[in-house]
Amino acid sequence: MTKDKSKILVIDDDPKISWILTEGLSNKFEFLSARDGIEGIQMVTTENPDLILLDIKMPGMNGIEVLEKLNKLDNRPEIIMVSGHGETQYVVDSVKLGAAEFINKPFDVHEIEIHINSILEKSQLKKEVKELKTQLEVSKTYENFIGDSDEMLKVQSIIDQVADSELSVLIRGESGTGKEIVARLLHQLSGRKNKPFVKVNCAAIPRDLLEAELFGYEKGAFTGAHKTKQGRFESANKGTIFLDEIGDMPLELQSKLLQVLEQQEFVRVGGIHNIHVDVRIICATNKNLEEAIRNRQFRDDLFYRLNEITLPLPSLQERAEDIPLLVNYFIEKYNTQYNKNLSQISTDMIERLKRFRWPGNVRQLENMIKQVVVREDEDILIDLLRNSEQQTIPSTSTTKTEPKTSEKFSDKSDSADSYSLKSFIGQKVAEEEKKLISEVLMKTNWNRRKAAEILEISYRSLLYKIKDYNLNIMK
């Protein structure tokens, strides 16, 4: 396959320069020519050359002025300054403005070929280094995004597609699924990554203070307003504002937020002047906004404006296959933070974690693993899971019998879960586990320590399992 020739733009009022270069080097480079600075600047934007040869002495705009203009362009090509007037001041000014080389006329064609090749090689190296840095930055940005399940790969795909856009994003998911992590990813992968990321929890700020917090206030706007204060939107100017729990925003404030979305401006509390901001808005909620609209608790026009892109996050139960990755990540994180040395959690315990329902999602799993690392004892997970399961059992009439612990951990259900593949697998695993433990206990004549060694689990874990599966009645 033939390699494309590098494109060289010659900006020189002397047509002989371009002709000489074309005659001598057209087999190696593609040459374009511009007769003055204005035409040259236009051709840079339309032709996208790989390198520019720029004369200093030209009628109208001289080479130094053209170089100043080209420096305002994003990712401008490298520039070699060419002149028959090699005054020291021209050389100094060119270097200060970022020219790669300064060559005096008249020049030898083969000499200038050496300069062109050298600069193109350096330029290519710079591009490769920049690409590597970008890849490393993206990889580092995703280091808190843990999961390779189909559900999480879909989420990552949406993030990659919409991050570097100005579209408003509505992140939806249960509490603890990682909505803030996704919001920060969208910011870090956008063109605004070096500008502020401002988070506002709409549910955590009293409704009487939320307007002043978001939009700021003027001096004397209310009692205690002794000086003018910027709001969060002004703090986020040129960057991103993350409105968490948007479903809890008071109805009377929603119209003002809609104005910011549509016109990029607002008025401070107690103010009279419009303040313009350039802010990307990302929102998150765990509420059913459609139901809130039906109940007239959320504006439908605001919903449609926020909902340019919807990014749904799966619950942890829906991506249980990611639990081993998450557990290892949290163990490493808190081993480092607390100077501990906990090894990996046993396969048996991982399976138990995968069968759990996780009402608090990833946040709940992280809190449990943190306790395990601090205490350096994975067996406490059994108590933590049991206590959590008991806390989430819905209240029923007093005539209904409390389910046994073994039933809780087998994930049995009398309704829809009867058709759940995950529930079915969890139930079968529990049945086989109970059967195996029973056999080993019988063979060891109920020597529990010996049975634990054969089963390759801790003695404490075995005691919990005997209790969970009501195996004492077999003794």
### Task
Filter segment 334-391 down to residues that are over 25 Å from MET152 (Cα atoms), crowded, with 17+ Cβ neighbours inside 10 Å and among the acidic types (Asp, Glu), then give me how many there are.
2
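Can you spot a residue in segment 214-230 that is surrounded by 15 or more Cβ atoms within 10 Å (Cβ to Cβ), among the charged types (D, E, K, R) and modelled with pLDDT of 95 or more? Give the derivation first.
The initial filter retains those residues of segment 214-230 that are surrounded by 15 or more Cβ atoms within 10 Å (Cβ to Cβ), namely 214-218, 221, 225, 229.
Pick out the ones that are also among the charged types (D, E, K, R) and you get 218, 229.
Then keep just the ones that are modelled with pLDDT of 95 or more; that gives none.
There is no residue in segment 214-230 that is surrounded by 15 or more Cβ atoms within 10 Å (Cβ to Cβ), among the charged types (D, E, K, R) and modelled with pLDDT of 95 or more.
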### Query
How many residues does segment 241-265 hold that are assigned to a helix (DSSP H, G or I) and not aliphatic (A, V, I, L, M)?
9
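If you scan segment 63-92, which residues turn out to be among the aliphatic types (A, V, I, L, M), touching a helix residue (DSSP H, G or I) at 6+ places or on another chain (Cβ under 8 Å) and either surrounded by 12 or more Cβ atoms within 10 Å (Cβ to Cβ) or closer than 23 Å to LYS16 by Cα (or both)?
Residues of segment 63-92 among the aliphatic types (A, V, I, L, M): 64, 66-67, 70, 73, 79-82, 91-92.
This time we only want the ones that are touching a helix residue (DSSP H, G or I) at 6+ places or on another chain (Cβ under 8 Å), so: 64, 66-67, 70, 73, 79-82.
Selection gives ILE64, VAL66, LEU67, LEU70, ILE79, ILE80, MET81, VAL82.
Within segment 287-305, which residues are among the charged types (D, E, K, R) and open to solvent by less than 20 Å² (accessible area, probe 1.4 Å)? Don't jump to the end; show me each part of the working.
Of the residues in segment 287-305, the ones among the charged types (D, E, K, R) are 287, 290-291, 294, 296, 299-301, 305.
Matches in segment 287-305: none.
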### Query
So, of the residues in segment 160-204 that are of a type in the set (A, V, I, L, M) and surrounded by fewer than 18 Cβ atoms within 10 Å (Cβ to Cβ), which turns out to be nearest to GLN364 (Cα to Cα)?
ILE181
### Task
Kindly indicate the residue of segment 431-475 that is outside any helix (DSSP H, G or I) and among the β-branched types (Val, Ile, Thr) and also surrounded by the fewest Cβ atoms within 10 Å (Cβ to Cβ) among those meeting that condition.
THR444
### Task
Tell me, yes or no, whether segment 277-286 has at least one residue that is crowded, with 18+ Cβ neighbours inside 10 Å, more than 18 Å from LEU258 (Cβ to Cβ), modelled with pLDDT of 95 or more and in contact with a Gly (Cβ under 6 Å, 6 or more places away or on another chain).
no
### Query
Residues of segment 244-266 being within 25 Å of the chain's Cα centre (by Cα), closer than 22 Å to ARG294 by Cα and not acidic (Asp, Glu), which ones?
ILE246, GLY247, MET249, LEU257
#### Entry: Residue count, segment 48-60 (criterion: of a type outside the set (A, V, I, L, M, F, W, C), surrounded by 15 or more Cβ atoms within 10 Å (Cβ to Cβ) and either free of Cβ contacts under 8 Å to residues at least 60 places away in the same chain or at positive phi (or both))
3
### Summary
In the set LEU251, LEU243, the lone residue that is closer than 21 Å to PRO206 by Cα, open to solvent by 40 Å² or more (accessible area, probe 1.4 Å) and touching a residue at least 24 places away in the same chain (Cβ under 8 Å) is LEU251
#### Entry: Flag for SER175 being modelled with pLDDT of 80 or more and either in contact with a Ser or Thr (Cβ under 8 Å, 6 or more places away or on another chain) or acidic (Asp, Glu) (or both)
no
### Task
Give segment 148-159 a look and list any residue that's of a type in the set (Asp, Glu) and surrounded by fewer than 13 Cβ atoms within 10 Å (Cβ to Cβ), or say none.
ASP148, ASP150
## Note on the structure
(1) open to solvent by less than 50 Å² (accessible area, probe 1.4 Å); (2) within 47 Å of the chain's Cα centre (by Cα); (3) not charged (D, E, K, R) all hold for LEU25 apart from (2)
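Among what's in segment 1-22 and is open to solvent by 40 Å² or more (accessible area, probe 1.4 Å) and free of Cβ contacts under 8 Å to residues at least 24 places away in the same chain, pick the residue that is nearest to ASP74 (Cα to Cα). Let's see the steps before the verdict.
Step one: of segment 1-22, the residues open to solvent by 40 Å² or more (accessible area, probe 1.4 Å) are 1-5, 7, 13-16, 19-20, 22.
Checking which are free of Cβ contacts under 8 Å to residues at least 24 places away in the same chain leaves us with 1-4, 15-16, 19, 22.
Numbers: MET1: 31, THR2: 29, LYS3: 26, ASP4: 23, PRO15: 28, LYS16: 30, TRP19: 29, THR22: 28 Å.
Among those that are open to solvent by 40 Å² or more (accessible area, probe 1.4 Å) and free of Cβ contacts under 8 Å to residues at least 24 places away in the same chain, it is ASP4.
The values are calculated or read from the model by the stated rules, or taken from the named source; none is laboratory data. Keep in mind the model is a prediction, meaning the values are calculated, not measured. When we count neighbours, we look across all protein chains shown, and the Cβ atoms used for this are built from the backbone with ideal geometry, even at glycine. Side chains are part of the model used for accessible areas, which takes the heavy atoms of the whole protein and leaves out ligands, DNA and RNA. Shrake-Rupley method; radii C 1.70, N 1.55, O 1.52, S 1.80 Å.
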